[in-house]
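Contents: one structure, followed by commentary.
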Amino acid sequence: MLKIGVPSKGRLMEDTFRWFGERGVEMQKIEDREYAGRIDGIDGVEMVLLSAGEIPRELAAGRIHLGVTGSDLVRENLAAWDTRVEPLAPMGFGHADLVIAVPQLWVDVDTLDDLDAVCAAFRARHGHRLRIATKYHRLMRDYLRQHGVADYQLVDSQGATEGTVRNATAEAIADITSTGATLRANHLKMLSDGPVHASQATLFRARAAAWDDAARATLARLSAQLGLA
Amino acid sequence: MSDAPDKRAERACAEDLLTAFLAAGAERVEPDILLPADTLLDLYGEDIRARAFVTQGPDGGEAMLRPDFTVPIVQRHMATRADPARYAYAGEIFRRQTRADRSAEYLQAGFELFGGVPADADAEVFALIQAVLAPLSPRVATGDLGVLTALVRGFETSERRRAALMRHIWRPARFAALLDRFSGRTPVSPARAALLAESDPMAEAGAEIGLRSRAEVEARIAALRADAAEPPLSKAQVDAIGALLALDMPSPAALVQLYDIASEMPGIADAVDGVARRLDALVKHGIDVSALPFDGALGRGTMEYYDGFVFTFRLAGRDDLPPLATGGRYDALTRALGGGADMRAVGGVIRPAVMLAGDAPC
């Protein structure tokens, strides 16, 4: 049996069901049983309803063969994510951009280049590294290392991240934003380099799952039905 | 995770190396495995979190499982400041690995030399590591980041630009981007041009929130204006960087090239003399330098903060494995840890587990 993990509730679940439905694979929750579902239109596939946040871990452990979750959650929660899972299809919903924002006061800061230069001056002046509040530690660290930004520190913020600058617990933030309105209301602006990561719901394959002949054959049939290359 | 017999062999190998280092006059040191995280974070920045295991320390603060021996040994040395001083150690290192085939826990054996005459100290450490690895016929690489830093320090440009380049010596991509910008190869962005053209750039500034003050923003705008008025880095200076980083040949030929670069860029003359003195010292230690490779870019892109002589030993034909040994001079790191400008240090570490993969193990 090929196990596929899908989000267990909300908009993400509904969009996932619709995406598969449009490709002839009908998914539905079983009434009265919260985390059980049925799947029609394809044989040999079992559906497991899970919290979207748990799906990366289940994929990494190989307890499910396939899973639908945000690409941001996979990259944030799995070290060397591309060695653990393979993205099979971006699904075109659940869009969310992780962006870096700084105070609007900083008219001199437009790009990562500027941020890096400000980090150096800030450390020299204040005696500690410039603090960026976020809950996306791995994504941010990888991104800033890749772009050679130094002399910053990440401080953990699990909510109300936009308020940390005003409260002087951080100098800049990195957060998921769907509109810039919240940022503006908090006197912040995005850097112009583009998002740290443009996330969307994605169908992933777990490299560590039990890929016996039957599972492989089922995946081949499912891929054909879903129109995956 | 390794089997018990592998672990025993690794430990026996580390003990043999330690014995050899002690015979070379070193004092044995045994730094803690659990280290306060603050110093390491201040030194290496946030990147160290991706490479080290961070945990809760006994005093409630953050602690790290020892990611290398250098920092605790420098701190220990600062208490005595003997000159010269030689230390040897063997013990566990813990590193987060992104590749499943690399161990997160392994042994290192190392030798560190503080003080002394730099060329002689460099040669002593290199010759010692070379001697214990010789049975494996390793592939050797050497370089000298002191030439690169001397070149940058000698640049005819603003102190601000020199400082910006120095800060990113160990981040090749950012260093290259800065060079492109300072030499005018990257055009000024429209946003930057607009900011500089503004008669009152703070007119659009938002509310004053956060620790970075309005005065700091204004100070940077003034600095950006000064920088915009600065002439671009000359082509000769940029070409000298390119020529230095491209050097990859036996040391005697590389030395000739370095003197060529120095004739255009007199700022590196002392550093190049240092390379020559080290080659002489290596000969005195019995090293055949005629075929000793010199790589102008070696040692960048590591987080080790080497700023002078650097070397790497690898098992020939096994580029899939980490190096057998790495080492170099780290005067800047000792300065950053509060050692003062006069404290100099050079050292090298060997990985017994990689030696065991060779034909003539330990």
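Over all alpha-carbon pairs of segment B:157-233, lay out the pair-distance distribution in 10 Å bins, whole %, shortest bin first.
16, 42, 33, 9
Within the set of other residues whose C-beta is less than 12 Å from the C-beta of residue B:178, count the net charge using Lys and Arg as +1 and Asp and Glu as -1. Don't skip to the end; give the middle numbers.
Details: positive: B:160, B:161, B:162, B:167, B:171, B:174, B:181, B:185; negative: A:113, A:116, B:180, B:227.
Surrounding charge for residue B:178 is +4.
Peptides B:104-110, B:189-195: what's the order by average Cβ count within 10 Å, highest mean first?
Details: B:104-110: 20.3, B:189-195: 14.6.
Going from most to least packed, we get B:104-110, B:189-195.
Once the dipole of chain A is set up with Lys and Arg at +1 and Asp and Glu at -1 on Cβ about the Cα centre, which of A:39, A:224, A:73 lies farthest towards its positive end?
Sorting the options by dipole projection puts first A:73.
Please enumerate, by chain and number, the lysines with C-alpha under 19 Å from the C-alpha of residue A:29, excluding those fewer than 8 residues away in the same chain.
Leaving aside lysines fewer than 8 places away in the same chain, those within reach of residue A:29 are A:3, A:9.
Expressed as a whole number of Å, what is the distance separating the alpha-carbon centroids of segment B:199-237 and segment A:169-198?
What the calculation gives is 22 Å, centre to centre.
Please rank A:68, A:25, fewest neighbouring Cβ atoms within 10 Å first, as an exposure proxy. Please list the in-between numbers first.
Working: A:68 25, A:25 19.
Going from least to most buried by this count: A:25, A:68.
Counting pairs of Cα atoms in segment A:96-198, how many percent are more than 16 Å apart? Don't skip to the end; give the middle numbers.
Working: 2720 of 5253 pairs.
Summing the P(r) of segment A:96-198 above 16 Å gives 52 percent of all pairs.
Normalised by the residues of chain A, what does the relative contact order come to in percent, with Cα pairs under 8 Å and at least six apart?
Values: 438 pairs, mean separation 66.8, N = 229.
Averaging sequence separation for qualifying contacts and normalising by length gives 29 percent for chain A.
Would you be so kind as to identify which of A:92, A:4, B:213 lies farthest towards the positive end of the dipole of the protein assembly as shown, taking Lys and Arg as +1 and Asp and Glu as -1 on Cβ and the Cα centre as origin?
A:4
What does the charge count near residue B:121 come to, summing +1 for each Lys or Arg and -1 for each Asp or Glu among other residues with Cβ under 15 Å from its Cβ?
Details: positive: B:86, B:277, B:278, B:284, B:329, B:344; negative: B:83, B:112, B:120, B:122, B:124, B:144, B:280, B:307, B:331, B:342.
Result for the local shell: -4.
What spacing in nm lies between the two simple spin-label points modelled at residue A:46 and residue B:207, each 7 Å away from Cα in the Cβ direction?
5.4
When a footprinting reagent is the concern and you count Cβ atoms within 10 Å, what order do A:1, B:343, B:64, B:78 take, fewest first? Each step should come with its number before you reach the end.
Working: A:1 10, B:343 18, B:64 24, B:78 15.
By the 10 Å Cβ count, ascending, the order reads A:1, B:78, B:343, B:64.
Which net charge results for the neighbourhood of residue A:227, defined as the other residues with beta-carbon distances under 11 angstrom from its beta-carbon, given Lys and Arg at +1 and Asp and Glu at -1?
0
With charges only on Cβ, +1 for K and R and -1 for D and E, what is the dipole size of chain B about its Cα centre, in debye, rounded to 20?
Working: 40 positive and 51 negative charges, 71 e Å.
Rounded to the nearest 20 debye, it is 340 debye.
Which three semi-axes in whole Å describe the equivalent ellipsoid of segment B:240-325, each the square root of 5 times a Cα gyration tensor eigenvalue, listed largest first? Write out the running numbers ahead of the final one.
Details: eigenvalues 105, 56, 30 Å².
Largest first, segment B:240-325 gives 23, 17, 12 Å.
At a temperature of 20 °C and a viscosity of 1.002 mPa s, determine how fast chain A diffuses translationally according to Stokes-Einstein, using the Kirkwood radius over alpha-carbon pairs as Rh; express D in µm²/s, rounded to the nearest whole number. Let's see the in-between values first.
Details: Rh = 19.3 Å.
Result for D is 111 µm²/s.
What is the dipole size for chain A, taken about its Cα centre, with +1 at each Lys and Arg Cβ and -1 at each Asp and Glu Cβ, in debye to the nearest 20?
Working: 27 positive and 31 negative charges, 77 e Å.
Value, rounded to 20: 360 debye.
Which one, B:98, B:84, B:119, projects farthest toward the positive side of the charge dipole computed for segment B:64-195 from Cβ point charges (K/R +1, D/E -1)?
B:98
Check cross-link reach from residue B:235 to the aspartates and glutamates: straight Cα distance under 17 Å, and skip same-chain residues fewer than eight apart.
Those aspartates and glutamates meeting the cut-off are B:156, B:180, B:260, B:264.
If you line up the Cα atoms of segment B:27-76 on their principal axes, what length do they span on each, largest first, in Å?
32, 22, 15
Quick one: compute the contact order of chain B, relative version, from alpha carbon pairs under 8 angstrom and 6+ residues apart, as a percent. Can you show the working numbers first?
Working: 551 pairs, mean separation 83.1, N = 362.
Relative contact order of chain B: 23 percent.
For residue A:189, go through the lysines and keep the ones whose alpha-carbon is under 20 Å away, minus same-chain ones fewer than eight residues off.
A:135
Calculate how large, on average over all directions, the projected area of the Cα convex hull of chain B is; give the answer in nm² to one decimal. Mind dumping the intermediate values first?
Details: hull surface 85.4 nm².
Average projection, Cα convex hull of chain B: 21.3 nm².
Please compute the Kirkwood hydrodynamic radius over the protein assembly as shown, one decimal place, Å, based on all pairs of different Cα atoms. Walk me through the numbers on the way to the answer.
Working: mean 1/r = 0.0368 Å⁻¹.
The answer is 27.2 Å.
Send over the Kirkwood Rh of segment A:139-187, from the inverse of the averaged 1/r over different Cα pairs, rounded to one decimal Å.
Radius from the Kirkwood sum: 12.0 Å.
With +1 on each Lys and Arg Cβ and -1 on each Asp and Glu Cβ, how big is the dipole of segment A:30-147 about its Cα centre, in debye rounded to the nearest 20? Don't jump to the answer; show the numbers that get you there.
On the way: 14 positive and 19 negative charges, 161 e Å.
Here segment A:30-147 has a charge dipole of around 780 debye.
How well do other chains shield peptide B:197-209, expressed as the mean number of their Cβ atoms within 10 Å of each residue Cβ? Kindly include the intermediate steps, with their values, before the conclusion.
Values: counts 0, 1, 0, 0, 2, 3, 1, 3, 7, 10, 6, 4, 12.
Mean inter-chain Cβ contacts per residue within 10 Å come to 4.
So what's the back-of-envelope 222 nm ellipticity for the protein assembly as shown, counting only DSSP H runs of four-plus at -39500 (n - 2.57) apiece and dividing by all residues, rounded to 500?
Working: 23 runs with 239 residues, N = 591.
After summing the helix terms and dividing by the residues of the protein assembly as shown, the value is -12000 deg cm²/dmol.
Counting only other chains, what is the mean number of Cβ atoms within 10 angstrom of the Cβ of each residue in peptide B:160-169?
Values: counts 2, 0, 0, 2, 3, 0, 0, 6, 5, 0.
So the per-residue partner count for this stretch is 2.
Averaged over peptide A:118-131, how many Cβ atoms belonging to another chain are found within 10 Å of each residue's Cβ? Could the numbers behind the result be given before it?
Working: counts 4, 2, 4, 6, 4, 2, 1, 6, 4, 0, 2, 4, 3, 2.
If you average over the peptide's residues, the count of other-chain Cβ atoms is 3.
Between segment B:309-334 and segment B:105-167, how far is it from one alpha carbon centroid to the other, in angstrom?
The two parts, judged by their Cα centres, are 10 Å apart.
Before anything else, pin down the relative contact order of segment A:96-198: Cα pairs under 8 Å, at least 6 apart, normalised by residue count, whole percent.
Working: 175 pairs, mean separation 49.5, N = 103.
The value is 48 percent.
Spin-label point model (7 Å from Cα, Cβ direction): what's the residue A:221 to residue B:335 distance in nm?
A separation of 6.9 nm, rounded to one decimal place.
When a/c reaches 1.5 or more, the comparison of a/b and b/c decides; with that in mind, is segment B:196-291 rounded, prolate or oblate per its Cα gyration tensor?
Details: a/c = 4.62, a/b = 2.84, b/c = 1.63.
Note, shape of segment B:196-291 comes out prolate.
Coordinate-derived values only; no laboratory data. Because the structure is a prediction, the values reported are computed rather than measured. For neighbour counting, all protein chains shown are included, and Cβ atoms are generated from backbone atoms with ideal geometry for every residue, glycine included.
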